[in-house]
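Working notes, beginning with the structure itself.
The values are calculated or read from the model by the stated rules, or taken from the named source; none is laboratory data. Predicted model, so just to flag it, every value in this text is computed and none were measured. All Cβ positions, glycine included, derive from the backbone under ideal geometry; neighbour counts span all protein chains shown. What goes into the accessible areas is simple: the full protein's heavy atoms, side chains included, and nothing from ligands, DNA or RNA. Shrake-Rupley method; radii C 1.70, N 1.55, O 1.52, S 1.80 Å.
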Amino acid sequence: PEGSVAALPEISRRLRQDRSLSGATQDALAGLLAELGRGDLMDLQERYVAQFDTGRSTSLHLFEHVHGDSRDRGQAMVDLNGLYARSGFALAANELPDFLPAVLVYLSTRPVKEVRDMLEDCMHIVRAVGERLLDSGSPYAAVFAALLDLRGEPPLVAGRSGIRRDPSLDEDW
């Protein structure tokens, strides 16, 4: 995490040079990066955990959204691990194969057709989580908007997730 925060200026510089994202997505990502850059590391980690690790609706584990706790999730994990192994990709010991950041790291090493196909399979999840984040006022929605942009998908739409924004809670946050 400290390395990620230290890399924020370089990430911001590269973002400004990228022409594959819409202006709105670039602005939203710049806002997220600025917020991350001025936050205390412990507070940032606490917010991240609260956002992504405490409930299913914004979980970064893709199969959680598809299979929940069913047995099918276990088999899907085994299948995805097999795909990774056949490609020579190794996960960190504590990572599950359906963790979206791990999936994206894997895809960064793969041919374009495989990337497109695999992203196509999970775009409905990316959209659903992104719209939940957008509706709750989370700046992390920008990351999901960027994934949709890169796939040429329509942008996130506020109000479709069923989450109503409470301004008083947002101000407290």
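Please specify each residue of region 28-49 satisfying the condition of being loosely packed, with under 12 Cβ neighbours inside 10 Å and closer than 22 Å to R13 by Cα.
R38, D40
Go through A50, A28 for me and flag whichever is closer than 25 Å to H124 by Cα, in contact with a Pro (Cβ under 9 Å, 6 or more places away or on another chain) and of a type in the set (G, A, S).
Testing whether each residue is closer than 25 Å to H124 by Cα, in contact with a Pro (Cβ under 9 Å, 6 or more places away or on another chain) and of a type in the set (G, A, S) leaves just A28.
Looking at (1) open to solvent by 30 Å² or more (accessible area, probe 1.4 Å); (2) free of Cβ contacts under 8 Å to residues at least 12 places away in the same chain; (3) in a helix (DSSP H, G or I), which is the only condition A102 fails?
(1)
If a residue has to be open to solvent by 50 Å² or more (accessible area, probe 1.4 Å), part of a loop (DSSP other than H, G, I, E, B) and either under 14 Å from R132 (Cβ atoms) or in contact with a strand residue (DSSP E or B) (Cβ under 6 Å, 6 or more places away or on another chain) (or both) to count, how many in region 50-93 make the cut?
Summing the residues that are open to solvent by 50 Å² or more (accessible area, probe 1.4 Å), part of a loop (DSSP other than H, G, I, E, B) and either under 14 Å from R132 (Cβ atoms) or in contact with a strand residue (DSSP E or B) (Cβ under 6 Å, 6 or more places away or on another chain) (or both) in region 50-93 gives 3.
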